[in-house]
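Read-outs throughout are calculated quantities, based only on the coordinates presented, and are distinct from any laboratory measurement. Owing to the predicted nature of the structure, the values given are computational and were not obtained by experimental measurement.
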Amino acid sequence: MNYSFYLFVFLCNTQFITSWRSFTFRFSAIQCTKRSQLISFINCSIPQQTGPRDGLSLSLKFSTAIVNPYLDLIVTATRSSQSEFVIINITQFDGCKFLQNTNRFNLLKILRNEFEKFAKMPNKCPVVKGTEIHVKNMSLDPERFPPYVPQTGFKTEVRLWEKYTPLFNLNVIGSVDMKKRIKKQQSKK
C-alpha cells in the first residue's frame, strides 16, 4: 500500500500544511473625520513614517451610548493604467453584527478578527457611553485572506452611523504588494 498518499490526505485535512501568501498590505495615507458630537475624539495615523508601512493606528471615544450602529464599507481598486473600480460596496450594514462577528460577509469577519488582535473591541450593542477604542499599529495578516489577491492600489472608505446620524469617516489609501521571492544564486563551477 502507498501510505504516503494517505499521510498527505491526512495532513491536508487537518490543516498542518501552512501556505505562504505572496502578497502584503501596505498603507500610504489615512484620514479620519469626526462628523458628530456623539464622538468625543478620533485620531488616526500610520505610525512608521519611514520604510515599509504595514500598520495603522486609530483612537476614538464615544460620548454617548451607541445603540443602532451602521457601517458603510467601500473598497476601490486603483491602478495608474486603468480607471478606478469598486471591489466592495457594503452599505447600511448592521454594526451590532460586526461587533458580535455574526455577519455573513467574510471580509467583515476577517477585519473584525484583525481588529480584535490589536484592540479591545466591544462585542455587543449597545456600545456603552465613554467607550474608548485604541487600535495600535494594526496590520492585515495575508494568511487570513484568499490565497491570491491581485497587486493593486486601493482606497477604503468606512463610514459609521448611529441610525441616521453620521459619526465618522475613515479613509485609507494603500496597496497590495507582491513579496519578493528569494532567488537561488547560481553557483560558479
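Numbers below:
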| quantity | calculated |
| --- | --- |
| Relative contact order (%) - the range 27-175, alpha-carbon pairs under 8 angstrom, separation at least six | 34 |
| Thr152 long-range amide H proximity, modeled H, under 5 Å | Val176 |
| Kirkwood Rh and Cα Rg combined as Rg over Rh, evaluated for the range 27-175 | 0.95 |
